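> Before we start, here is the structure in question, set down as structure tokens.
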């Protein structure tokens, strides 16, 4: 899955569209002010989100998020549900 479109919304939410047709809104307000996400507290910074050349959402100050992690938040699916090949990997002790 590839993130095709991203749009900032009010209250630290993002509207997302993926190449498999999945779309919706994720709420990132719980991250505001924590670690590198403290920059989002500066007025106008969150709204500067863009997709970088690798398809990752990115903000000024080298802040970025994994598009796969956003997909899991959006769909409420686990990595094993999305990537079925993970279910067939041998377990090692």
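The values are calculated or read from the model by the stated rules, or taken from the named source; none is laboratory data. Quantities reported herein were computed from a predicted structural model and do not represent experimental measurements. Positions of Cβ are backbone-derived with ideal geometry, glycine not excepted, and every protein chain shown enters the neighbour counts.
> How many residues does the stretch 53-62 hold that are within 15 Å of residue 8 (Cα to Cα) and in contact (Cβ under 8 Å) with a residue 12 or more places away in the chain?
Within the stretch 53-62, residues that are within 15 Å of residue 8 (Cα to Cα) and in contact (Cβ under 8 Å) with a residue 12 or more places away in the chain number 4.
> I've got another one for you. Filter the stretch 15-35 down to the residues that are within 14 Å of residue 75 (Cα to Cα) and either in contact (Cβ under 8 Å) with a residue 60 or more places away in the chain or not in a loop (DSSP other than H, G, I, E, B) (or both) and list them by number.
Within the stretch 15-35, 15, 16, 17, 18, 23, 24, 25, 26, 27 qualify.
> Condition first: touching a residue at least 24 places away in the same chain (Cβ under 8 Å), touching a strand residue (DSSP E or B) at 6+ places or on another chain (Cβ under 7 Å) and surrounded by 16 or more Cβ atoms within 10 Å (Cβ to Cβ). Now tell me which residues in the stretch 38-50 satisfy that.
Across the stretch 38-50, the qualifying residues are 39, 46, 49.
> Can you tell me which residue in the stretch 1-14 is farthest from residue 55 (Cα to Cα), limited to those that are in contact with a helix residue (DSSP H, G or I) (Cβ under 9 Å, 6 or more places away or on another chain) and not in a strand (DSSP E or B)?
Ranking the qualifying residues of the stretch 1-14, first place goes to 11.
> Related question: Do we have any residue at all in the stretch 75-93 that's free of Cβ contacts under 8 Å to residues at least 24 places away in the same chain and surrounded by 15 or more Cβ atoms within 10 Å (Cβ to Cβ)?
no
> Could you identify the single residue in 24, 61 that is under 15 Å from the mean Cα position of the chain (by Cα) and surrounded by 12 or more Cβ atoms within 10 Å (Cβ to Cβ)?
Sole residue among the options that is under 15 Å from the mean Cα position of the chain (by Cα) and surrounded by 12 or more Cβ atoms within 10 Å (Cβ to Cβ): 24.
> Please determine, by comparing only the residues of the stretch 57-93 that are part of a loop (DSSP other than H, G, I, E, B) and farther than 24 Å from residue 21 by Cα, which one is modelled with the highest pLDDT.
So, considering only residues that are part of a loop (DSSP other than H, G, I, E, B) and farther than 24 Å from residue 21 by Cα, the one modelled with the highest pLDDT is 60.
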